[in-house]
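Heads up, the thing below is written out as structure tokens.
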Amino acid sequence: MALDQTQIDAWERDGFLAIPDAIPLARCEALMARAAEIVDAFDPATVSIFSTHEQTRTSDDYFMASGDAISCFFEEGAFDDDGNLQRDKAVSINKIGHAMHDLDPVFDRFSRQAPIAEAARDIGMADPKLLQSMYIFKSPFIGGEVSCHQDSAFLYTDPMTVVGFWVALQDATLENGCLWAQPGGHRTPLRKRFVRSAAGGTEFEQLSDLPWPEPGGSDMVPIEAKAGTLVLLHGLLPHWSDVNRSSRSRHAYTVHVIDGAASYPDENWLQRSPSLPLRGFDAA
Ligand code: FE2
């Protein structure tokens, strides 16, 4: 067992678990270097976030196709009104998603390393399948808020099985926008689902009117995490992160894992091509 009983009890009670020093720093640094290469090779002209209709549609298509791709997404406000990047590309990217864990050897190895695989096993995931990966930059001054949400809204399965394995690649603090979570909030209902709409694009389907805990309020706790910390997040756990108001970046990587026995709906926004089937933690 990689996790002891105290940790498993905390996971079941709280719906999240932070494991300091789980991931060697050298691996974190290798992943950061690889992400920098991906961004360096990315041509911003391939995607636009501008406001005209056609460009919005192009941006939607780029997002919808990212379930089995390596795609870069910009921060809001990265471009000026004329469509020029206001800052260096490297600090204008919000995230890379959503299939690096299957398409890039460095990300593949990082996602399937023993501490993550063993944590998945120890919390009882019987047939884990790696569904989605995100590299989050949270760059100084521009890194945006991630509003309060439950990951099952975006990565729904029946029954709900998704667990997030989030790794602090750099120290995450109150100043640079660390995670916050609601202890025990994984026992609250799923508020909504993010689905493909019949008209094209995506929409939220409301399931429950239960309010969110106030972001950063007394029902939530900050999860400050040193680089190398692995944080497990239950799919129903309300969590949130603030904007980065500091001068230090807050790079993080997350891989979302579902149980292969659960059904995966066609209306989920994230769809994978049959040529790229989901894989577990076994090496390729
Ligand atoms: Fe999340």
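In this structure, is Leu155 within 25 Å of Phe63 (Cβ to Cβ) and surrounded by fewer than 18 Cβ atoms within 10 Å (Cβ to Cβ)? Let's see the steps before the verdict.
Details: within 25 Å of Phe63 (Cβ to Cβ): yes; surrounded by fewer than 18 Cβ atoms within 10 Å (Cβ to Cβ): no.
Criteria not met by Leu155.
Among the residues of region 253-265, just one is part of a strand (DSSP E or B) and surrounded by fewer than 16 Cβ atoms within 10 Å (Cβ to Cβ), namely Ser263.
Considering the conditions (1) away from the ligand (no atom under 16 Å from the Cβ); (2) of a type outside the set (D, E, K, R); (3) touching a residue at least 12 places away in the same chain (Cβ under 8 Å), Pro105 is excluded by exactly one of them, (3).
For region 122-181, the strands (runs of 3 or more DSSP E) that sit wholly inside it and include 3 or more residues that are within 14 Å of the ligand (Cβ to nearest atom) and either at pLDDT 95 or above or on the phi > 0 side of the Ramachandran plot (or both) are 128-136, 163-168, 179-181. Among residues of region 139-154 that are over 23 Å from Thr188 (Cα atoms), those with a beta-carbon under 7 Å from a residue that is more than 10 Å from the ligand (Cβ to nearest atom) and in a strand (DSSP E or B) at least six positions away or on a different chain give the pairs Gly144/Asn94. Residue check: Gly201 meets all listed conditions (1) in contact with a helix residue (DSSP H, G or I) (Cβ under 6 Å, 6 or more places away or on another chain); (2) surrounded by 19 or more Cβ atoms within 10 Å (Cβ to Cβ); (3) small (Gly, Ala, Ser) but one, namely (2).
Checked against the criteria, Arg187 counts as more than 16 Å from the ligand (Cβ to nearest atom), basic (Lys, Arg) and either at positive phi or modelled with pLDDT of 95 or more (or both). Name the residue that is nearest to the chain's Cα centre (by Cα), counting only residues in region 208-242 that are of a type in the set (A, V, I, L, M) and more than 16 Å from the ligand (Cβ to nearest atom). Of everything passing the filter in region 208-242, Ala227 is nearest to the chain's Cα centre (by Cα).
The values are calculated or read from the model by the stated rules, or taken from the named source; none is laboratory data. All figures in this text were calculated on a predicted structure; none of them were measured in a lab. Using ideal geometry, Cβ is built from the backbone for each residue, glycine included, and neighbour counts are taken over all protein chains shown.
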